[in-house]
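For reference, the structure is listed below as structure tokens.
The values are calculated or read from the model by the stated rules, or taken from the named source; none is laboratory data. This is a predicted model, so every value here is computed, not measured. Cβ sites come from the backbone with ideal geometry, for glycine too, and all protein chains shown count toward neighbours.
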Amino acid sequence: MNLDTLVDRKNTDCVKWDALQEVYGRDDVLPLWIADMDFKSSPKIIEALIKRAEHGVFGYPTTPKSVFKPFIEWNAKRNGLGIDEEWILTCPGVAVAFSIGVQAYTKEGDGVMIQTPVYPPFHSAVKNNNRIMVENELVEKDGYYTINFDDFERKIIDNNVKLFILCNPHNPVGRVWKKEELEKMADICLKHDVKIFSDEIHSDLIFKGKKFVSALSLDGKYKKILITAMAPSKTFNIPGLYSSIVLIPDKNMMEDYKKVSDGLAIGEITIFGLTAMEASYKHGEEWLANVMEYIEDNAEYLDTFIKENMPEIKYRKPEGTYLGWLDFRNVFSTQEELDDFLINKAKIGLNSGETFGRNGEGFARINLGCQRAILIDALNRIKNALYKG
């Protein structure tokens, strides 16, 4: 598998390459924004999908237990997780799941806490459901982010917080939270009867030397306040197949979640989503290992290029995810100036930092799940626009 091989994604109805005019106001930007990869998915997944398509009948699917077995075994092997099949529900996407969670575990006017800067749908899931968005802003020092636990607890008490949406690994800052950090947050939530929704969609995308700790692996006492979501979508580059897994150990929390999801008629995933999910966890390990090695090399290339060519820009390699968080605050005084520079001068499409929260202003998120040639092109565009004006 040669990951350097360019794949032409234009005119395939993909958001990343075909929605540039709508997103950036021009169609000549090089896109390194939305979090899907430019690599072909695992040949084993493609093979399974072709085999299923050749059957030719695509009626309403049931969800066989055979789909969950590889997922359970995958997590036992990689993360030491003991997952009970009774905890499992399916969902089209993790963002759908945490939006359901907001409706299931809070009521209008309740506080829902997020840790900014964070994935924009966290914001919209709270605001669009008429809940109060409460921000526990992460603390940044030299590109490394930590949690202000005093602020975390104070915000919970002062704002009637009923649900905390955790991002682990964290998008966009790339932290893989340590066990002690997770336990400290979980203790505070347990103390104040706050439910935790742990978005673990990037949990298989972990850099060498780092270990992912799922909220589900913590002490059993936390399971009565915990809902977790995972998916093969980011891991195996199949987000367009809309297949995710929701894990709810507590029966009462399960009932509350199902009441909302059933009421909205949301929960089932497609035949092809089921097929791809099973094939991913059965056969995807070697493919993923190759992809992660390539992404880590991309992160190393980005780090070296910035230090050698654009030292005003600050970047710290992530602990997980295939995303980079670029700090332009030494170069531009406003997000508007930064966005204009990237789009209209450098002509590259990144995610604007302010969409992740107030403390994302002056930053941009870059997608490292691309061929090296695309990354090199993007970095040279930034350098040339920065120094040649």
Residues in region 1-44 that are loosely packed, with under 11 Cβ neighbours inside 10 Å and not in a loop (DSSP other than H, G, I, E, B): how many?
1
Is it the case, given these coordinates, that residue 286 is more than 21 Å from residue 119 (Cβ to Cβ), surrounded by 16 or more Cβ atoms within 10 Å (Cβ to Cβ) and within 23 Å of the chain's Cα centre (by Cα)?
no
Of the residues 306, 374, 382, 343, which is surrounded by 22 or more Cβ atoms within 10 Å (Cβ to Cβ), outside any loop (DSSP other than H, G, I, E, B) and assigned by TED's automatic domain parsing to the domain that holds residue 28?
382
Single residue of 258, 251 found to be within 25 Å of residue 215 (Cβ to Cβ) and loosely packed, with under 15 Cβ neighbours inside 10 Å:
251
Log entry, pairs with first residue in region 358-371 being on the phi > 0 side of the Ramachandran plot, second being of a type outside the set (S, T, N, Q), beta carbons closer than 7 Å, six or more apart or on different chains, reads 362/327; 362/328; 362/329; 362/332; 362/338; 362/353
Name every residue in region 47-80 that is exposed (fewer than 13 other Cβ atoms within 10 Å of the Cβ), in a helix (DSSP H, G or I) and modelled with pLDDT of 95 or more, in order of residue number.
47, 50, 51, 53, 54, 55, 76, 77
Taking region 103-148 on its own, how many of its residues are over 18 Å from residue 226 (Cα atoms), in a strand (DSSP E or B) and touching a residue at least 60 places away in the same chain (Cβ under 8 Å)?
3
Restricting to region 238-252, name every residue that is within 26 Å of residue 171 (Cα to Cα) and in contact with a helix residue (DSSP H, G or I) (Cβ under 8 Å, 6 or more places away or on another chain).
238, 241, 242, 243, 244, 245, 246, 247, 248, 249
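Quick grid of which residues meet (1) in a helix (DSSP H, G or I); (2) under 16 Å from residue 116 (Cα atoms):
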residue: 152; (1), (2): yes, yes
residue: 155; (1), (2): yes, yes
residue: 164; (1), (2): no, yes
residue: 172; (1), (2): no, yes
residue: 175; (1), (2): no, yes
residue: 183; (1), (2): yes, no
residue: 188; (1), (2): yes, no
residue: 202; (1), (2): no, no
residue: 210; (1), (2): no, no
Mind telling me which of the residues 81, 20 ends up being not hydroxyl-bearing (Ser, Thr, Tyr) and not assigned by TED's automatic domain parsing to the domain that holds residue 139?
20
State which residue pairs qualify: first residue assigned to a helix (DSSP H, G or I) and inside region 229-245, second residue among the hydrophobic types (A, V, I, L, M, F, W, C) in any location, beta carbons under 7 Å apart, and separation of 6 or more residues or different chains.
241/272; 241/276
Kindly list, by first and then second residue, each pair from a residue in region 158-184 that is on the phi > 0 side of the Ramachandran plot to a residue that is buried (at least 24 other Cβ atoms within 10 Å of the Cβ), limited to pairs with Cβ atoms under 7 Å and residues at least 6 apart or on different chains.
174/318; 174/321; 174/323; 174/325
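Residue-by-condition table, conditions (1) assigned by TED's automatic domain parsing to the domain that holds residue 270; (2) of a type in the set (Lys, Arg); (3) under 30 Å from residue 285 (Cβ atoms); (4) in contact with a Ser or Thr (Cβ under 6 Å, 6 or more places away or on another chain):
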| site | (1), (2), (3), (4) |
| --- | --- |
| 99 | yes, no, no, no |
| 116 | yes, no, no, no |
| 123 | yes, no, no, no |
| 126 | yes, no, no, no |
| 133 | yes, no, no, no |
| 138 | yes, no, no, no |
| 186 | yes, no, yes, no |
| 191 | yes, yes, no, no |
| 205 | yes, no, yes, yes |
From the list 369, 324, which one is in a loop (DSSP other than H, G, I, E, B) and small (Gly, Ala, Ser)?
369
Please specify each residue of region 81-92 satisfying the condition of being surrounded by fewer than 16 Cβ atoms within 10 Å (Cβ to Cβ) and not in a helix (DSSP H, G or I).
82, 84
Could you say whether any residue in region 24-34 is among the aliphatic types (A, V, I, L, M), more than 30 Å from residue 255 (Cα to Cα) and out of contact with any strand residue (DSSP E or B) (no Cβ under 9 Å at 6 or more places or on another chain)?
no
